[in-house]
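S.K.: Just passing along the structure, written as structure tokens.
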Amino acid sequence: MAEPVVRIPDAKVALSTASVYPESTATAFEIAARLGYDGVEVMVWNDPVSQDIDALRRLSDYHHVPILAVHAPCLLITQRVWSTDPWVKLQRARAAAEKLGASTVVVHPPFRWQRQYARDFVQGIWRMADETDVRFAVENMYPWRYRDREMLAYAPDWDVTKDDYRHFTIDLSHASTARADAIHMLDRMGDRLGHVHLADGNGSAKDEHLVPGRGSQPCAELLGRLALSGFDGHVVIEVNTRRAMSSAEREADLAEALAFTRLHLASAVKVPRR
């Protein structure tokens with residue numbers, strides 16, 4: 001029998017600019033270029049460069065690193081970035097994605113206290129998705145926990161598979177924090193999975209975003225399933241490197257994450273030689 005040959009799937013592996021925090025958005029482009037990532041996902045937050053379309057385009061052109069996705073400013077710390085109106089934030093994220101050539105806008109479900117936004121969210125996302133070729137990929141979140149208490153902070157639900165969205169983002173660190181089965185969640189998303197945030201976790205109440213392979217999440221299995229299904233979206237490394245003691249240690253973590261991802265995407269897909 002002929003030896004099998006590895007067939008690499010079409011999924012691109014990108015670096016989230018959040019993965020270099022507390023270093024800058026500009027540093028993320030430098031590292032992505034140096035390590036050989038296929039592109040970046042821009043986390044729009046308090047770094048002024050992350051909010052500036054012209055500055056982002058210059059960084060992309062200079063480093064020859066495409067911007068594959070834009071993460072809308074949905075965090076507590078970005079409540080005033082690109083307006084305080086959540087729909088305006090999404091409109092600006094879509095405009096940024098269109099101008100920068102990104103195919104995806106990542107968005108979190110609303111906080112429960114954003115009552116009107118939460119009430120209209122599912123229909124509003126469909127309406128916005130119908131107005132553009134950019135994918136709005138809604139990301140799974142998690143309950144907030146403190147000791148024995150649990151607070152449902154997101155609406156309609158932290159488990160986005162309970163609602164009807166055109167595209168999903170699966171985040172394995174969030175699945176870990178929620179103590180949810182990531183593979184079952186992947187199955188529920190089915191062919192509506194449009195985007196992946198790859199990180200690991202150990203089930204802590206704190207969102208860990210560990211380098212893949214350093215926790216208990218099925219990162220390798222999920223990548224294998226993506227490869228076998230012909231997934232052609234983006235796999236984005238979104239890890240926490242705040243504890244890195246140096247820039248060199250941070251870069252080593254991001255190189256390890258990239259190697260892990262490419263290895264498990266490739267090793268799952270083999271076809272026999274003819």
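The values are calculated or read from the model by the stated rules, or taken from the named source; none is laboratory data. The structure presented is a predicted model; accordingly, all values stated were derived computationally and were not measured. Note that we place each Cβ from the backbone using ideal geometry, even for glycine, and neighbour counts take in every protein chain shown. Note: areas computed on protein heavy atoms with side chains; ligands, DNA, RNA excluded. Shrake-Rupley method; radii C 1.70, N 1.55, O 1.52, S 1.80 Å.
S.K.: Using 5 Å bins from zero, what percent of all Cα-Cα pairs in the stretch 119-236 falls into each bin?
M.R.: Reading the bins upward from 0: 2, 12, 21, 23, 19, 13, 7, 2, 0.
S.K.: Test of understanding: what is the full-extension gain from residue 191 to residue 204, defined as 0.36 nm times their sequence separation minus their Cα-Cα distance? Please report the intermediate quantities before stating the final value.
M.R.: Details: separation 13, 0.36 × 13 = 4.68 nm, distance 2.91 nm.
Using 0.36 nm per residue and subtracting the Cα-Cα distance, I get 1.8 nm.
S.K.: Can you grab the distance from the C-alpha centre of the stretch 132-175 to the C-alpha centre of the stretch 1-75, Å, no decimals?
M.R.: If you average the Cα positions of each part, the centres end up 22 Å apart.
S.K.: On to the next question. Could you tell me the extents of the stretch 131-186's C-alpha atoms along the three principal axes, largest first, rounded to whole Å?
M.R.: 43, 23, 16
S.K.: Still on this structure, I have one more. Pairs of alpha-carbon atoms within less than 8 angstrom and 6+ residues apart define the contacts here; what relative contact order does the stretch 72-116 have, in percent? Mind dumping the intermediate values first?
M.R.: Numbers: 25 pairs, mean separation 16.3, N = 45.
Once divided by the residue count of the stretch 72-116, the mean separation gives 36 percent.
S.K.: Output the peptides 42-50, 139-147, 86-94 sorted from most to least packed, where packing is the average of other Cβ atoms within 10 Å over each peptide's residues. Intermediate results must be reported in sequence, preceding the final value.
M.R.: On the way: 42-50: 21.1, 139-147: 17.1, 86-94: 19.6.
For the peptides 42-50, 139-147, 86-94, the packing ranking is 42-50, 86-94, 139-147.
S.K.: How many percent of the accessible area of the chain is carbon or sulfur, using a 1.4 Å probe?
M.R.: 49
S.K.: Still on this model: Between 257, 102, 167, whose Cα lies farthest towards the positive end of the dipole of the chain when Lys and Arg beta carbons carry +1 and Asp and Glu beta carbons carry -1, centred on the Cα centre?
M.R.: Going by the charge dipole, the pick is 167.
S.K.: Along the charge dipole of the stretch 172-274, Cβ charges K/R +1 and D/E -1, which of 201, 177, 219 sits furthest on the positive end?
M.R.: Of the options given, the answer is 219.
S.K.: Rounding to the nearest 20 debye, state how big the charge dipole of the stretch 112-267 is about its Cα centre with +1 on each Lys and Arg Cβ and -1 on each Asp and Glu Cβ.
M.R.: Values: 20 positive and 25 negative charges, 96 e Å.
With Lys and Arg at +1 and Asp and Glu at -1, about 460 debye.
S.K.: Mean separation of Cα pairs under 8 Å and 6+ residues apart, divided by the residue count of the stretch 93-248: what relative contact order is that in percent? Could you put the intermediate results ahead of the total?
M.R.: On the way: 278 pairs, mean separation 27.5, N = 156.
Relative CO of the stretch 93-248 lands at 18 percent.
S.K.: Please report how many Lys pairs in the chain have alpha carbons closer than 25 angstrom, counting only residues at least 8 apart along the chain or sitting on separate chains. Numbers along the way, then the final one.
M.R.: Numbers: 12/99; 12/270; 89/99; 89/162; 162/206.
The result is 5.
S.K.: I'd like the FRET efficiency for residue 55 and residue 75, computed as 1/(1 + (r/R0)^6) with the beta carbon distance as r and R0 of 30 Å, rounded to 0.05. Walk me through the numbers on the way to the answer.
M.R.: Details: r = 20 Å, r/R0 = 0.68.
Taking R0 as 30 Å, the efficiency between residue 55 and residue 75 is 0.90.
S.K.: Among 88, 117, 64, whose Cα projects farthest towards the positive end of the dipole of the chain, with charges put on the beta-carbon of Lys, Arg (+1) and Asp, Glu (-1)?
M.R.: 117
S.K.: Return the Rg/Rh value of the stretch 29-135, two decimal places, where both radii are evaluated on C-alpha atoms and Rh is the Kirkwood radius.
M.R.: Looking at the stretch 29-135, the ratio lands at 0.99.
S.K.: Note the full-extension length gain between residue 8 and residue 99 as 0.36 nm times their separation in residues minus their Cα-Cα distance, in nm to one decimal.
M.R.: Details: separation 91, 0.36 × 91 = 32.76 nm, distance 2.93 nm.
Once the chain is fully extended between residue 8 and residue 99, it gains 29.8 nm.
S.K.: Another question about this same structure. Any chance you could run the full-extension gain for residue 166 through residue 248? It's 0.36 nm times the residue separation minus the Cα-Cα distance, nm to one decimal. Don't jump to the answer; show the numbers that get you there.
M.R.: Values: separation 82, 0.36 × 82 = 29.52 nm, distance 3.97 nm.
Length gained between residue 166 and residue 248: 25.5 nm.
S.K.: Karplus couplings for the stretch 177-194 from phi (6.51 cos²θ - 1.76 cosθ + 1.60, θ = phi - 60°), rounded to Hz, Gly and Pro as x?
M.R.: Coupling constants for the stretch 177-194: 4, 6, 6, 9, 7, 5, 6, 5, 5, 4, 5, 5, 5, x, 7, 8, 5, x Hz.
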